[in-house]
Structure formats: structure tokens, C-alpha cells
């Protein structure tokens with residue numbers, strides 16, 4: 001398996017729901033190999049095939065699962081060698097070699113997986129707020145759009161920015177402006193569901209993606225976010241309000257640009273009326 005293949009698989013595995021399925025698939029493949037090996041009396045010598053389920057489990061699972069898969073493969077290899085060679089010494093020696101080889105492989109795979117995962121997270125994360133960035137939006141929202149079309153699910157998008165943010169930078173300096181943006185990021189992390197996603201679009205603009213959410217739920221979420229943002233601004237004595245556009249999609253947009261365009265127009269309609277408000281629409 002090449003580094004590119006591991007990279008792509010790890011990209012899929014960032015969606016946590018896939019990890020248990022791949023781990024189960026790895027154990028199922030291991031059981032199938034074991035069954036074939038046992039039913040043929042171990043004469044086919046297919047024990048080398050255990051490397052494939054071990055790779056799947058090592059990339060998808062945690063350390064305990066990876067070590068457990070190595071232990072199972074080593075035990076089966078030992079039984080196979082004992083049956084074929086009839087000598088305990090040879091079987092033990094081969095098992096030790098198998099254990100050493102598979103352990104090294106698992107260690108390298110997990111380290112590479114973790115390194116790749118860190119690099120990918122850095123690439124899609126806004127360093128200032130800790131939210132997803134534009135690249136993260138393109139990847140995550142693109143995936144959710146495909147899933148919503150496939151399963152005919154309604155979803156919503158909140159697009160908002162900070163009214164009079166430039167005044168904060170001009171009056172107090174960019175360090176205070178950065179602190180304000182970090183505060184916004186903190187509120188979003190605290191108020192959203194685990195299934196929701198928040199992004200810093202750029203500057204003082206933010207996007208919230210709400211899968212499986214109709215207009216009523218999106219409106220409640222937007223008002224809750226705006227309320228807690230206002231409380232945070234007052235606590236820090238920042239004269240900043242927020243203009244929000246909430247677009248709900250029961251019929252699915254063709255692409256991300258169309259999806260964002262609807263929410264963006266709703267947000268600017270609020271700003272044109274003086275800001276500090278929310279406007280909703282369903283498409």
C-alpha cells in the first residue's frame with residue numbers, strides 16, 4: 001500500500017463514522033482468512049494474507065485494536081507452523097518473527113496515519129479561531145451536499161459577519177480584533193451540536209452548516225448564537241453586533257457557490273437595513 005493510498009484512506013477516516021465499519025471489515029477479513037486456512041488444514045500457507053486486515057485495522061483503529069489484530073495473526077501463524085512443521089521450537093521462532101514484523105508494520109502505519117491526520121487538520125483549520133477554514137468548508141460542505149442530495153435531506157446554512165468590526169481594529173488595534181474573533185469561535189464551538197460545523201470564512205465572516213436541519217431548527221440555532229455572541233460582546237465592552245442570513249435547502253442547490261450565494265444575500269439584506277438581525281428563507 002503506497003503513501004498516497006494511506007493518505008486517501010485516512011482522509012475518508014476523518015469522518016469518524018467510517019472507522020468502526022472499516023475495523024469490522026478488517027476483523028471479518030481476518031476471520032475469513034482464518035477459516036480458509038483452517039478448512040484447508042493450513043497446507044495452503046496463506047498466513048501472509050493476514051497483513052491486509054492488519055493494515056486496515058491499524059489505519060482505522062486505535063492502538064489496542066491494532067495490537068490485538070497482531071496478536072491474533074501471530075497466534076494463528078504459530079498454530080499453522082506447529083501443525084505443518086511439528087516442532088514447537090520452529091513454531092515459536094516463526095511466531096516471534098511474525099510478531100516482530102507485524103508490530104513494526106503497525107507502529108509505522110499508525111505513526112504515518114497520525115502524522116497525515118495532523119497535516120490534514122492543519123490544512124483545513126483556521127489558526128486564529130480553531131474553526132474550519134475555507135478549505136475545510138469546501139471539503140465538508142461538499143460532502144454534506146452530496147449526502148443531502150443522495151438521501152433527500154434538508155439542511156441549513158448560517159452566514160454572518162460582525163457589524164462595525166473595522167472600528168474595533170481601528171480603535172483598539174488588531175490584537176483586540178483577533179481576540180474578538182477568537183471569542184466568536186469559542187461561542188460557536190460551545191453552542192453547536194456535535195453534528196454541526198462552523199467555519200471562519202475569512203476576515204470577520206463566519207459560516208455554520210447545519211445538516212438535517214429545517215428552517216425552524218436553523219432559526220432557533222441562529223438566534224441562540226446571536227444571543228450568546230451579544231452577551232460575550234457586552235462582557236468585553238465591544239460595540240459589535242451581528243448580521244445573519246439563514247438559508248434552508250429543501251431542494252438542493254447545484255453547488256457550493258449557489259448555496260453560499262443564497263445565505264450571503266440574506267445576510268447583506270440585514271446589513272442594508274442597519275445590521276444586528278437575522279433573515280431567513282427556504283429554497
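We did not get these values from a lab; they are worked out from the coordinates using the rules stated. From a predicted model like this one, the values you see are computed outputs, not experimental measurements.
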message: Could you identify which residue out of 250, 198, 39 has the top mean-square fluctuation in a GNM of the chain using Cα springs shorter than 10 Å?
response: 39
- prompt: If you line up the long axis of helix 256-272 against the longest principal axis of the chain, both from Cα atoms, how many degrees apart are they, to the nearest 10?
  reply: 30 degrees
Most fluctuating residue given options 51, 88, 225, as computed from a GNM of the chain linking Cα atoms under 10 Å: 88
query: When the chain is modelled as a GNM with alpha-carbon springs shorter than 10 Å, which of 158, 76, 140 fluctuates the most?
result: 76
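Helix-only estimate, please: 222 nm mean residue ellipticity of the chain, summing -39500 (n - 2.57) across DSSP H runs of length 4 or more and dividing by its residues, to the nearest 500. Each step should come with its number before you reach the end.
Values: 10 runs with 184 residues, N = 283.
Result for the chain: -22000 deg cm²/dmol, rounded to the nearest 500.
Using only alpha-carbon positions, what ratio does the radius of gyration of the chain give when scaled by 2.2 N^0.38 Å?
Numbers: Rg = 26.1 Å, N = 283, 2.2 N^0.38 = 18.8 Å.
The reported ratio for this selection is 1.39.
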- request: Mind pulling the angle between the C-alpha long axis of helix 215-235 and the longest principal axis of the chain? Nearest 10 degrees, somewhere in 0 to 90.
  value: 70 degrees
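State the three equivalent ellipsoid semi-axes of segment 134-282, derived from the C-alpha gyration tensor as the square roots of 5 times its eigenvalues, in descending order and whole Å.
Details: eigenvalues 143, 44, 38 Å².
The answer is 27, 15, 14 Å, longest axis first.
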- prompt: If you take all C-alpha pairs in segment 132-198, what percent of them are over 15 Å apart?
  reply: 65 percent
field: With Cα atoms, 0 to 90° folded angle of helix 134-151 axis to the chain main axis
entry: 80 degrees
